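Each remark here refers to the structure printed beneath this line.
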Amino acid sequence: MKKFALMTALALASAASAQSLSGTVTVWSWDAAAKALQSTVPSFNKKYPNVKVNVVDLGNQNVYDRGLAGCAAGGVDMPDVYSIENNEAEVFWARFPNCFVDLNTLGADKVAKNFPAFKWTELMAGNKRYAMPWDSGPVVIFYRRDLYQQAGVNPTAIKTWDDFIAAGKKVNAKFDGKVKMGIVGNGQDDEWFRMLANQNNCFYFDNAGTSVTVNKPGCVDALNTVKKLYDAQVVATGDWGGQITSFKSGKSASAMFGAWYEGTIRTNAPDQKGKWGVYPMPASKPGGVRAANLGGSALALPSSSKNKAAAYAFMENALATTGGQVAMLKSQGLVPSLLSATKDPYVKVAQPYWGNQKVWQTILDTLGDVPQARGTQYFQDARQVMIVVQADYIKGKYKTAKEALDDAAKKISSATGLPVAK
Amino acid sequence: MTTAPQFKPAEPRPPARKSRWARTPKAPYLFILPYLLIFLTFWAWPIISSFMMSFKDSRLGETAPFGLSNWSRLVQDEFFRTALRNTLVIMIIQVPLMLSLATVLAVALNSKLLKAAGWFRFAFFAPLVVGTVAYSAVFRLLFNTDFGMVNRGLTSIGLPAVDWLNQSGPAMTVLILAMTWRWTGYNAIILLAGLQGISEDVYEAASIDGATPTQQFWKITLPLLRPSLLFCLVLSVIGTLQLFTEPALITNSGPGNATMTLGTYLYQQGFRSFNFGYASAIAYTVAAIAAIFSVVQLRLFGRDE
């Protein structure tokens, strides 16, 4: 009886505090991500009926630019909840350490263990937690079942990159070279290098963010593989838009990206329903890691917010509850990084677009294998170097991948002031 | 003996010298004061402030003193050299191409033989009215490798398709074509105004002396058009040094850094990497180069004979 009274009192108290939150929470986000956040508003308003949530879709670049301008101006014209890509996050913490609230002061340390460790790497500076993990981008291969079948390729047999190249040769032979195993953003981006390097536990920088590690063996292997794919002529070059037009017109038998690409394929090629499937990325050697991460975002709380408690409550409901994360997975295919959401029954539901494959199961199963990597505040500098070095290496400017990456390491070091790791 | 006070005749005293300040009328200064304040706050101060910032490391929290590090990085920076080289390549190829085209256009527009001259003037000036983002998007579409009209045209007459935006040479070509499309008409209109300032008498005299139209063009039109051409040249060179929109939106500085210009590199450093100190150093270098180029051009082509 005593226990019951206590429970009632607690329930009343929390209900009272939920009632006491009021006002408006303005959220800045982009495209599908904004739609996903919008889908969590009903469940939030069930708990906090007096808070009005206003999700503003500014577009990805605009969110970044206006956040920069707002922070540089000392925190004016900022929303209550700010969307931020993990790769770009550390720039904000390093340049404007006072622009965002340390979420630990609002209780984020209590939910920290509910997310995989790698998601926090870029969101923390010292002991401060500047943003809460949102979606993640476990890398998989999306493939056209029909085209693979016509070429006699069995996706479950593709276990290493050598298998992938062998499959690509079959596809080339069948379709006269008109269909490719993938489109690489060579010269425009270095995504393939980053995914392969991450898989090999290597990245531009070490996880402490104190030295340049881009010429370590894992990265050398990654760059080598990209070149091998080109030399075997199983991939072609195309930028973001080019890749989309390519799969829409049936010229790509597969695509490799973070799982958020699911929505991109599904919404751009609705007529290819049932023709697509998913399998884990090939490993660099038999039995190797078949997981990596590309992209993913987080939510931060600007210090200038007038309504911090309500803003934090919104973030917590959207990101730190299974209901919130699964709502976003359903509506826009945003892959949850909350560990409990990865066990939600919806994950095991067969997806008609993907030929009734339980794609979320396949995708989320890799989440635990993703090696840590850190963008650091120098991500953009390093990426710019790597885009050029990768393109030059493919073109044949360097003799070996090691030589190319030694040069890249030297350039990244001079641009960032960080030493090249021994 | 009384001494009468001696009255000296008053020497004519010079009028009290009013200070220069007192003699100056104040009203005009009061009227321009608002402008001056705005100029100092939003122009002069940022210019000084960004110079000071070029000596700071703006990447570590609050700006920290950094000595000459930004400047020494600039000297060794391969990307900066690439950006500078690309900018100069565009300048050396595109500016003369555009100005020659503009001169030909201006002469044609000035011709009495041309019907509906007003319509043509509008047509050539129109590209400038189109929003830069819109025109960049259209050029991206036109030069799309698989679906662009340009490649459709090339293949339809039996020529091979070109991977325009994914190869360095072709990407640069697209940029130069786009800029020429946009800016030729603008320069032609300025040159046209210059042409109309040339007196008919000169041509009449030349005709009487038996000069052919070609001779008239080289001996009369071009020399008399020189001030207008110089104006266009200086503006175009400064414009090219600041070139940003086309490489940012059409080629995205790529592939690799193949079409990165000083403008896009400055933007990349300042607003993608948040490295305002280094971006300021780049900005000052660009401004210095622009100043040097302008002085050289005025010296070379600006002398009146």
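The values are calculated or read from the model by the stated rules, or taken from the named source; none is laboratory data. Quick caveat: nothing in here was measured; it's all calculated off a predicted structure. Cβ sites come from the backbone with ideal geometry, for glycine too, and all protein chains shown count toward neighbours. Heavy atoms of the whole protein, side chains included, go into the accessibility calculation; ligands, DNA and RNA do not. Shrake-Rupley method; radii C 1.70, N 1.55, O 1.52, S 1.80 Å.
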Q: Confirm whether A:Gly295 is more than 30 Å from A:Leu196 (Cβ to Cβ) and touching a residue at least 12 places away in the same chain (Cβ under 8 Å).
A: no
Q: Please list, ordered by first then second residue, the pairs with beta carbon atoms under 7 Å, 6 or more apart or interchain, first in the range A:195-217 and closer than 25 Å to A:Pro280 by Cα and without any contact (Cβ under 8 Å) to a residue 24 or more places away in the chain, second open to solvent by 40 Å² or more (accessible area, probe 1.4 Å) and among the basic types (Lys, Arg).
A: A:Cys202/A:Lys216
Q: Determine which single condition B:Tyr267 fails, assuming it passes every other condition in (1) without any contact (Cβ under 8 Å) to a residue 24 or more places away in the chain; (2) open to solvent by less than 20 Å² (accessible area, probe 1.4 Å); (3) within 23 Å of the chain's Cα centre (by Cα).
A: (2)
Q) For the range A:336-422, which fully contained helices (runs of 4 or more DSSP H) count at least 2 residues that are free of Cβ contacts under 8 Å to residues at least 12 places away in the same chain and closer than 23 Å to A:Leu196 by Cα? A) A:379-395, A:401-416
Q) Looking at (1) open to solvent by less than 20 Å² (accessible area, probe 1.4 Å); (2) closer than 25 Å to A:Met195 by Cβ; (3) under 23 Å from the mean Cα position of the chain (by Cα); (4) not polar (S, T, N, Q), can you tell me which one A:Ala167 breaks? A) (3)
Q: Provide a single number: the residues in the range A:112-126 that are in contact (Cβ under 8 Å) with a residue 24 or more places away in the chain, assigned to a loop (DSSP other than H, G, I, E, B) and surrounded by fewer than 20 Cβ atoms within 10 Å (Cβ to Cβ).
A: 1
Q) Can you name the residue in the range A:65-87 that is crowded, with 22+ Cβ neighbours inside 10 Å and assigned to a helix (DSSP H, G or I) and, of all such residues, is farthest from the other protein chains (Cβ to nearest Cβ)? A) A:Asn86
**Q.** Flag for A:Lys216 being of a type in the set (D, E, K, R), open to solvent by 40 Å² or more (accessible area, probe 1.4 Å) and within 14 Å of chain B (Cβ to nearest Cβ)
**A.** no
Q) When the range A:376-407 is examined, which residues are found to be polar (S, T, N, Q), farther than 19 Å from B:Gly254 by Cβ and within 13 Å of chain B (Cβ to nearest Cβ)? A) A:Thr376, A:Gln377
Q | Conditions (1) over 21 Å from B:Leu233 (Cβ atoms); (2) more than 14 Å from chain A (Cβ to nearest Cβ); (3) among the hydroxyl-bearing types (Ser, Thr, Tyr); number of the one not met by B:Thr145 | A | (2)
(Q) Kindly evaluate A:Ala222 against the criterion of being aliphatic (A, V, I, L, M), out of contact with any strand residue (DSSP E or B) (no Cβ under 6 Å at 6 or more places or on another chain) and open to solvent by 10 Å² or more (accessible area, probe 1.4 Å). (A) no
Q) If you check every pair at least six apart or on different chains, which have Cβ atoms under 7 Å apart with a residue in the range B:214-230 that is closer than 15 Å to B:Gln297 by Cα first and a residue that is outside any helix (DSSP H, G or I) second? A) B:Leu230/B:Gly302
(Q) For the range B:18-119, give me every one of the helices (runs of 4 or more DSSP H) that falls completely inside it and has 1 or more residues that are away from chain A (no Cβ under 13 Å) and open to solvent by 70 Å² or more (accessible area, probe 1.4 Å). (A) B:20-23, B:27-39, B:45-53, B:78-110
Q.
If I filter the range A:93-111 down to residues being away from every other protein chain (no Cβ under 14 Å) and surrounded by 15 or more Cβ atoms within 10 Å (Cβ to Cβ), which single residue comes out as farthest from A:Leu301 (Cα to Cα)?
A. A:Val111
Q. So is A:Val420 within 30 Å of B:Asn275 (Cβ to Cβ) and open to solvent by less than 10 Å² (accessible area, probe 1.4 Å) or not?
A. no
Q.
B:Leu177 - would you say it is more than 27 Å from the chain's Cα centre (by Cα) and not polar (S, T, N, Q)?
A. no
**Q.** Subset of the range A:226-245 (residues that are facing another protein chain (nearest Cβ under 9 Å) and more than 16 Å from A:Lys395 (Cα to Cα))
**A.** A:Asp239, A:Gly241, A:Gly242, A:Thr245
Q: Return the only residue of B:Leu192, B:Leu235, B:Leu243, B:Leu222 being part of a helix (DSSP H, G or I), surrounded by 18 or more Cβ atoms within 10 Å (Cβ to Cβ) and not aromatic (Phe, Trp, Tyr).
A: B:Leu192
Q: Find all pairs meeting these conditions: Cβ atoms under 8 angstrom apart; at least six residues apart or on different chains; first residue within the range A:35-53 and charged (D, E, K, R); second residue exposed (fewer than 15 other Cβ atoms within 10 Å of the Cβ).
A: A:Lys52/A:Gly23; A:Lys52/A:Thr24
(Q) Just the residues that are crowded, with 20+ Cβ neighbours inside 10 Å and at pLDDT 90 or above, please, taken from the range A:320-333. (A) A:Ala320, A:Thr321, A:Gly324, A:Gln325, A:Val326, A:Ala327, A:Met328, A:Leu329
Q: Starting from residues that are within 18 Å of B:Ser253 (Cα to Cα) and under 31 Å from the mean Cα position of the chain (by Cα), keep the ones in the range B:143-163 and report whichever is surrounded by the most Cβ atoms within 10 Å (Cβ to Cβ).
A: B:Phe143
Q | Criterion: surrounded by fewer than 21 Cβ atoms within 10 Å (Cβ to Cβ), within 30 Å of B:Ala288 (Cβ to Cβ) and modelled with pLDDT under 90 - qualifying residue of B:Ser253, B:Ser168 | A | B:Ser168
Q | Answer residue from the range B:164-193, given it is in contact with a Pro (Cβ under 7 Å, 6 or more places away or on another chain) and not aromatic (Phe, Trp, Tyr) and is farthest from the other protein chains (Cβ to nearest Cβ) among those | A | B:Gly185
